[in-house]
Structure formats: C-alpha cells, structure tokens
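Everything below concerns the one structure shown next.
The values are calculated or read from the model by the stated rules, or taken from the named source; none is laboratory data. Keep in mind that what you see is a predicted model, and the values were worked out from it rather than measured. With ideal geometry, Cβ positions are generated from the backbone for all residues, glycine too; neighbour counts draw on all protein chains shown.
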Amino acid sequence: MVEAGGTGAGRPGRERAVVIGGGYAGLLAARVLSDHFAEVLVLERDAVSRETGAHPSAPQSYHAHAMLAKGGETLEKLFPGLRAELEQIGSPVFDYGERISFLLPSGYATRTTTGVHIQTFTRDELERRLRGRVLDLAPVRMVGGARCRGLLTAPGERNGRAVTGVRYRIGDGAEEEVAADLVVDASGRSGAIDDWLIEAGLPVSAKSTVRARITYTTMVFDRTGEQDYDVAYQMTFAPSVRRGGVMMGIEHGRWVCSLFGFEQHPPTDTDAYLEFARDLDNPRLAEEIARRSRQEEVHRYTNPGSTWRLHHRNPGWPDRLVAIGDALCVFNPVYGQGLTVAAIEADALGTLLRRRSADADLTGLSRDYLRAAAGIVKAPWTLSTTSDLMWSPEGQPLGARFAHWFNRHVFALALHDADVWTRFVKVANMTAPPSLLMHPSVLAKVVRRAVTRQPAPTPVPAA
C-alpha cells in the first residue's frame, strides 16, 4: 500500500532519501528529510494507513509511554501545534512538580512548581497524529508491507564504502532496488542492520548491552471523578523496591496504567492485576483501577534490557547511512527516554542537513550525525544504565555504585527540598545537563546528610 502526501517542497538538489521503518522514529526522520529531498520514500513492513496508530508489530507500544519535557519541546518544533491538538482531545498538559504523585524510594516527592511542563498521551494517538501530518508532506511516499532485504553500496571516500540505495520486497513479490542519496535505518530494535552490513562486506558495529528484565502489564480504563494529579508513580529501586507502576491521564478521559516488576510478572487477569496494584506503596493506582467502570484489553511485555549500537566507533561504517531511535539505541522503557531521544536525533539530523547547501555532497554526513547522536545518547544512557546495573548481584562498577548512593540521598532530600527536586526533574526531563545536580549547593546537602547518617524516611500512604 502506498500513501502520498500533499504539501512541502523538499530540496530538488537532493533527489531521494529512503527511510527503513515507518514507526515513530521513521516518521520523525521523514519529517526532517522532507525539507531537504525531492522524495522521501518510507519502507514500512506493516500495512498501515493514515488512521494506523502504534505499530501492530511493536509489542511495547501498548504500554505507558512518557514524553519527557525536552522531547515535547522538540516535537512541537517539528510539528507546530501538536501539543494543542492533543490537548483538545483530553491529553493533559501540566507542571511536572504540581500534578504528579511521585513515590520515591524514601517517600513522596514534594509538590512544587518546577517550570517543567509535560503532556501525557498514548503512543497510539501520538503515532496516528504524526503519521497523518507526515503523509501530508509532498515529498513523502510511504510503502506498506515492504521489507528491506539489503543495502546497495559503491566505493566511497578514503577507500571506504557508501550506501547508494536499498533492496526491498513488498509481500511475496519480486525483490526491487531503489537508489538513494541517504538511507536512514529506523527499523527499530528488531532490525537486521547486522545482516545487511555483513552481506555488503562491511564490519558490524560493537554493542553495549545492560540487562534489566523488567516486565510491564498495562491496562487502559476510564477516568472518573476529580484528582489532584495527572500521574501517579511508584519507581523501582535496586535492590529492595522490585515492584512499581505508573498511571497517567490520557486522551478521551482515560487512564493508562502500567504495573512493572524486576524479574516478576504483573498478572494479566484483571482481579489479580488489582491485587498487584494494592501491593504497591502508592495506593492511588489501585484506587483508580478499582473505580473503573470499563477497561480495554490487558497487555504484557518483558523488556530484555538496553542496547546501544556503537556505530560512531565503527571504522568501516559506510557513508550515506545513519540510524535513529531504537535502531541506534534501545533504552529500558521504565525511564521514559526513548521517544525523547529519537526526537532530538531527528532534529540533529535536520540541523546537519541545513548546514549544507542543497547541492552539496553528503559525503561525511553519516560520520557527523553518528557522532552527534552519540552525544545525545550518552547522558540518558548513563543515567538509566547505572541504575539498572545495580540489579546485578555481581560486577557493579564503582561509577554505578556512586551514582546509586548519590541518587538515594537526592531522593531523600527531595521529600522536603524543592530546589533539589526541581533540579532532578530538569535533569530527568533532559531540559538541563546532569551537572545541574552536581551543583555545590546540592553536593553540600548530600554530604551533610551522609555524614550525619540520617536514615531514609519510611514511605507513607498518600494523603
């Protein structure tokens, strides 16, 4: 199936870009590429239309997704008016510190104005809105049911190789070839990039992997009554807090609730699901689940861990090929970083293309982009994986142990210190660098608390 768009000029000096994958990351890539290429061909393995939401073949798409503040700002830049469009159908916009019942390992975070605004919605609704907008762009053409079968290559700079197109097949049809000035791998975590590189005689990139087997079970149900929060959350924290959950207000007057456990499986049976929620220390999730009058199908997904493909360190990586989203780095979903990182990567790709004139050679673009993307990934990767490493009974690196120790004190301070909590919120939402939490004023409070050996408060039920 082919979908074509309506507006957008592209850049006639650059004939065609091919995007492998038409999910969230692929849509973002197509959006920025439409400003720079006469044609943007999106090869999507599923049969999709303008009304398709989240990918049918992406099992994690049914679960609660967080769009961090930086991601929301970037999406609004790429798709002006998107936030208001979603708000009109009931996706709430709120200050992170005012409308979240956030249970930290030591107790409830203080309620305070942070200046960090977020919006909550389902992955399904977000992708539907983005897909409709992208298909309205004249340069974009999406082919459904198309599977990439390999890369076309030719000699490149410095005795290397350059990607010149892809081979693909629609359903059971004959294999086809299409030339491209740039190819974007947005095929997700299950993409076959390693096979494509090997077949082309190119080296496979090394990977960094951190295992953290977190299982998510998700229910969507109606939101009734008035609450003083739009998100209720209980975080997991190694080694003792092995169960958690998040409930977010979403479009059309509903809640999406994901219960999760480390090496545990929250049940899909609705009665047992409620009992699991009642076992959490934040009672608000169970209260709303018990109050529901209707619900949608319950889904479960086990995330095997985080994987970063280190393409920027691959000396034989071909020119004119880049990767975005989960095809580059898969994050543990519990930290809500994946959607935001993909948006920032897409924006970075657009920035690099704008710096070159329309008729400029794209030689070297892949190298520049992959280095920029590595810089984007580094901070959220470090933040999440240092926490995940603490679940391992052995091999915990010194850096991870220090970060875990530091975070424990930060979380204890956040119960009553609005400045510390605001700093953490800004770092977690990627609107400020991690160094904001290492400010001398914060370090002094952490050291003072550690030296005096103040015990962590015991979590108490919400008011």
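Scanning segment 177-199 for residues that are at pLDDT below 95 and not hydroxyl-bearing (S, T, Y), we see that the one that is farthest from P239 (Cα to Cα) is A192.
Has segment 279-289 got at least one residue that is in a helix (DSSP H, G or I), of a type in the set (D, E), modelled with pLDDT of 95 or more and more than 17 Å from R242 (Cβ to Cβ)? Yes: one or more hits. Quick check on T268: is it hydroxyl-bearing (S, T, Y), within 30 Å of I198 (Cα to Cα) and in contact with a strand residue (DSSP E or B) (Cβ under 7 Å, 6 or more places away or on another chain)? No: the conditions fail for T268.
Number of residues in segment 221-240 that are under 17 Å from F94 (Cβ atoms), hydroxyl-bearing (S, T, Y) and part of a loop (DSSP other than H, G, I, E, B) equals 1. Is there any pair with a first residue in segment 283-301 that is more than 18 Å from F260 (Cβ to Cβ) and a second that is among the charged types (D, E, K, R) and assigned to a loop (DSSP other than H, G, I, E, B) whose Cβ atoms are under 7 Å apart and which are 6 or more apart or on different chains, and what are they? If the second residue must be among the charged types (D, E, K, R) and assigned to a loop (DSSP other than H, G, I, E, B), no pairs are left.
For (1) out of contact with any helix residue (DSSP H, G or I) (no Cβ under 6 Å at 6 or more places or on another chain); (2) surrounded by 22 or more Cβ atoms within 10 Å (Cβ to Cβ); (3) over 23 Å from A25 (Cα atoms), each residue gets a yes or a no:
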| site | (1), (2), (3) |
| --- | --- |
| V143 | yes, no, no |
| P155 | yes, no, yes |
| I170 | yes, no, no |
| V178 | yes, no, no |
| V184 | no, yes, no |
| S187 | no, yes, no |
| S190 | yes, no, no |
| W196 | yes, yes, no |
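If only residues of segment 374-430 that are of a type in the set (S, T, Y) and crowded, with 20+ Cβ neighbours inside 10 Å are counted, the one that is farthest from V334 (Cα to Cα) is T422. When A232, A206 are checked against the criterion of being in contact with a Leu (Cβ under 7 Å, 6 or more places away or on another chain), buried (at least 21 other Cβ atoms within 10 Å of the Cβ) and touching a residue at least 40 places away in the same chain (Cβ under 8 Å), a single residue qualifies: A232.
Within segment 236-255, the set of residues being out of contact with any helix residue (DSSP H, G or I) (no Cβ under 9 Å at 6 or more places or on another chain) and buried (at least 17 other Cβ atoms within 10 Å of the Cβ) comprises V241, M248, G249, R254.
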